[in-house]
Amino acid sequence: MPHDTKALVLDFGGVVTRTLFETHDLTEQALGLAPGTLTWRGPFEPETDSLWQAMQRDQISERDYWHRRTQEVAELTGNSWTKMAEFVKAARGADPDAVMRAEALAAIRLAKQAGCKLAVLSNELDLFYGADFRKKLTFLDDFDVIVDATYTGILKPDPRAYQLCLDELGLPASACVFVDDQLRNIRGAEAAGLQTVHFNVLSPRSSYDQALSLLGLTKLPKET
């Protein structure tokens, strides 16, 4: 392994995909709900989302948050969903590519072309999205490593989650740039020695530019 090999390590939901908060219009259309039915906006309007505020205070987990939202939308649509994956599959399953961030795909291409390794380190990739969803995303074929707590049972920010990813990459922590939208996960990565970018869902382009810069690469093309 060349000593100068680097890796881009990405969280999935919110970092590679647009958040469910950003795609209420697509969700409402897919589920047959009237426009404007879904009003929770998480980080985009935290003052109006008390459940999101509770999650940010660590009073509930991210999984708890999405379980509650799944139950609410299930009631609205007359479904009996018990798992987040059922909600996401119904809302996004027909065209997963429609909810991918263009900035993410461009950054992944640039990193790959530069010889960087690629990894996903997620707490809920298949738990939230379902394996069928992931299989439709051909760009994931370019990834060297996918560490998913759906199967490992080890959730970020547990130090073991980061170590699992590093072990599979075969790289030291200092060679890896980790991107996540949750501050607790960023702090865990920093404690593990990784370079980090706290992803800003309000400004995805600047977050990816920062990650590329840490990898020694140029910024995203202006047309992204």
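The values are calculated or read from the model by the stated rules, or taken from the named source; none is laboratory data. Note that the coordinates shown come from a computational prediction; the quantities given were computed from them, not determined experimentally. So basically every Cβ, Gly included, is an ideal-geometry build from the backbone, and we count neighbours across all protein chains shown. Each accessible area value is taken on the protein alone, full model and side chains, heavy atoms only, with ligands, DNA and RNA left out. Shrake-Rupley method; radii C 1.70, N 1.55, O 1.52, S 1.80 Å.
Of note:
- Region 1-20, subset open to solvent by less than 50 Å² (accessible area, probe 1.4 Å) and over 13 Å from the mean Cα position of the chain (by Cα), residue farthest from D209 (Cα to Cα): T5
- Filtered residue count, region 1-43, keeping only those that are in a helix (DSSP H, G or I) and in contact with an Asp or Glu (Cβ under 7 Å, 6 or more places away or on another chain): 1
- Filter result for D58 (in a loop (DSSP other than H, G, I, E, B), acidic (D, E) and closer than 27 Å to S206 by Cβ): yes
- Within region 42-72, considering residues that are touching a residue at least 60 places away in the same chain (Cβ under 8 Å) and either farther than 19 Å from L125 by Cβ or touching a His at 6+ places or on another chain (Cβ under 8 Å) (or both), the one least open to solvent (accessible area, probe 1.4 Å): P43
- Listed by first and then second residue, the pairs linking a residue in region 3-17 that is at positive phi to a residue that is open to solvent by less than 10 Å² (accessible area, probe 1.4 Å), with Cβ atoms under 8 Å apart and 6 or more places separating them unless they lie on different chains, are G14/F199.
- Residue within region 197-204 that is under 23 Å from L105 (Cβ atoms), in contact with a strand residue (DSSP E or B) (Cβ under 9 Å, 6 or more places away or on another chain), of a type outside the set (D, E) and part of a loop (DSSP other than H, G, I, E, B) present: yes
- For Q182: the one exception among (1) at pLDDT below 95; (2) touching a helix residue (DSSP H, G or I) at 6+ places or on another chain (Cβ under 8 Å); (3) farther than 23 Å from Q56 by Cβ; (4) of a type outside the set (A, V, I, L, M): (3)
- The helices (runs of 4 or more DSSP H) found wholly in region 73-192 and carrying at least 2 residues that are buried (at least 20 other Cβ atoms within 10 Å of the Cβ) and not acidic (D, E) occupy 84-92, 102-113, 125-129, 159-169, 183-191.
- Of all the criteria given as (1) in contact with a helix residue (DSSP H, G or I) (Cβ under 8 Å, 6 or more places away or on another chain); (2) of a type outside the set (S, T, Y); (3) over 30 Å from L169 (Cα atoms), the one not satisfied by V15 is (3).
- Some residue of region 187-197 being at pLDDT 95 or above and either out of contact with any helix residue (DSSP H, G or I) (no Cβ under 9 Å at 6 or more places or on another chain) or among the charged types (D, E, K, R) (or both): yes
- In region 93-112, the residues that are on the phi < 0 side of the Ramachandran plot reach residues that are part of a helix (DSSP H, G or I) and open to solvent by 40 Å² or more (accessible area, probe 1.4 Å) with C-beta atoms within less than 8 angstrom, at least six apart or across chains, in these pairs: G93/D132; A94/A30; A98/L26; V99/L26; E103/R205; I108/D142; K112/D142.
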